[in-house]
Amino acid sequence: MRNSTYFNKFLDRYADAAASDRRSVALAPQDQSYLNTLALSLIQSGESDAARKTLDQAVAMKIDDNFIRVRYLELAYLLHDESLLRAQRQWSDAHPRTAIVLATEAEAAIAEGRFADARRLLAKCSQLYREQGLEGAADQYTKALAVEMMEAGDASEGKNLFSESPANLEEGEEVVGLAYSGDISATQSAIRAMQTKYPNGTMWHLYWGPLTQAVIAMRENKAKEAAAVLETARPVENRELVAPWLRGNSYPASGQPALAETDYRSVVTHPERDPTSLCISLSWLGLGQALAAQGKSAAAIDAYQHFFTLWAHADPDAKFLQQARREFATLQMAAPAKLTSPRKALHSHSPRCEICERL
């Protein structure tokens, strides 16, 4: 049933994946991995209440570990549930050697523009993995989060972290990281090598290859080429949020803001697919830009407000925060509007957060 779950998620059939996982749990109700996988499937299929009940059931049966807590964290960020988030941080305080929980918090910090917090969390996460003799895991998480830093505008620090160890060319995200770090020759060689090694490999030919080529095209100011190559990824892109977000980024540069709006909306309306993804907040920013370019000022203002809410605790010098403020000021001057109060932000690791102060 695990293979069934994998392929259902791969094909954006999250409800089918959840049904398969329910059957697995029915057969082995105390299997931690089945409960964890079911909770994830339920989150991704939009069944938040059922996901919460599954996690609560696991804890009640004393099947409680760092992976269960990662699911709780994802649910807390998805629902903007402050009490649930506090509960997981209290659990983390009592279990300070849970590296994967810190990695998840670091990913959420990047998604909120809190790069200083993310770096502290990542450093602690890496240290814990190395102390446990898991150097490979330390390198993998460092590289994955470094790629997200580069995507989220913390390019210099992300590139430095990414270059701390050689890229694993079997990992698609690390090949994408090579492209973001500017090593285009090595990136192209890696894509050719992987597509040759896996001639029928769906992920390399329909996902990682197109994503990487799109990043290269955008770096070379070839927006139309980036959008075209990402069309190849459509059959499998809904497994994550990166492809539609990246394609949305390519359209404005080629003068197609309406198409960008469509892709950005596909991200912000499906945060359940990856609740701690940076693509959610950055798609709200992109949506604001796309709407403003079409003269839809009121809707653009609303989208920018969503972004400002999600980045309420961002580092003051964060690239996209500063950019958004400039664009928003221009938008207000061009089309004055009575703004609503900013939405209440989910508490995050702000500079006053006790967890980050202890790291």
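Given the conditions (1) over 17 Å from the mean Cα position of the chain (by Cα); (2) surrounded by 22 or more Cβ atoms within 10 Å (Cβ to Cβ); (3) closer than 16 Å to GLY113 by Cβ, and given that ALA290 satisfies all but one, which numbered condition is not satisfied?
With (1) over 17 Å from the mean Cα position of the chain (by Cα); (2) surrounded by 22 or more Cβ atoms within 10 Å (Cβ to Cβ); (3) closer than 16 Å to GLY113 by Cβ applied to ALA290, the lone miss is (3).
Test GLY209 against the criterion of being touching a helix residue (DSSP H, G or I) at 6+ places or on another chain (Cβ under 8 Å), modelled with pLDDT of 95 or more and more than 15 Å from LEU169 (Cα to Cα), and give yes or no.
no
Collect the residues in segment 171-200 that are over 11 Å from ALA146 (Cβ atoms) and in contact with a Lys or Arg (Cβ under 9 Å, 6 or more places away or on another chain), keeping them in residue-number order.
Those that are over 11 Å from ALA146 (Cβ atoms) and in contact with a Lys or Arg (Cβ under 9 Å, 6 or more places away or on another chain): GLU171, ALA179, GLY182, ILE184.
Applying the selection to segment 91-111, what residues are over 18 Å from the mean Cα position of the chain (by Cα) and not hydrophobic (A, V, I, L, M, F, W, C)?
SER92, ASP93, HIS95, PRO96, ARG97, THR98 - these are the residues of segment 91-111 that are over 18 Å from the mean Cα position of the chain (by Cα) and not hydrophobic (A, V, I, L, M, F, W, C).
For segment 200-226, what are the residues that are small (Gly, Ala, Ser) and in a helix (DSSP H, G or I)?
Within segment 200-226, GLY209, ALA214, ALA217, ALA223, ALA226 qualify.
Hey, can you tell me all the residues within segment 258-287 that are surrounded by fewer than 22 Cβ atoms within 10 Å (Cβ to Cβ), more than 22 Å from GLU107 (Cα to Cα) and touching a helix residue (DSSP H, G or I) at 6+ places or on another chain (Cβ under 6 Å)?
LEU259
Let's see how each residue does on (1) outside the structural domain of SER281 (by TED's automatic domain parsing); (2) within 28 Å of ASP117 (Cα to Cα):
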site	(1), (2)
PHE162	yes, yes
TRP204	yes, no
LYS224	yes, no
GLU231	yes, no
LEU259	no, no
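So, GLN188, is that one surrounded by fewer than 23 Cβ atoms within 10 Å (Cβ to Cβ), in contact with a His (Cβ under 8 Å, 6 or more places away or on another chain) and part of a helix (DSSP H, G or I) or not?
The answer is no for GLN188.
Filter segment 159-172 for residues that are within 15 Å of ALA138 (Cα to Cα) and touching a Leu at 6+ places or on another chain (Cβ under 9 Å) and give the result.
If the condition is that a residue be within 15 Å of ALA138 (Cα to Cα) and touching a Leu at 6+ places or on another chain (Cβ under 9 Å), then LEU161, PHE162, ALA167 are the ones that fit.
Restricting to segment 171-196, what's the tally of residues that are over 23 Å from ALA152 (Cα atoms) and among the aliphatic types (A, V, I, L, M)?
Residues in segment 171-196 being over 23 Å from ALA152 (Cα atoms) and among the aliphatic types (A, V, I, L, M): 4 in total.
If VAL25 satisfies all but one of (1) in a helix (DSSP H, G or I); (2) surrounded by fewer than 16 Cβ atoms within 10 Å (Cβ to Cβ); (3) of a type outside the set (Asp, Glu), what's the number of the condition it fails?
(2)
The values are calculated or read from the model by the stated rules, or taken from the named source; none is laboratory data. Keep in mind it's a predicted model, so treat the numbers as computed, not measured. Here Cβ is always computed from backbone atoms with ideal geometry, including for glycine, and neighbour counts include all displayed protein chains.
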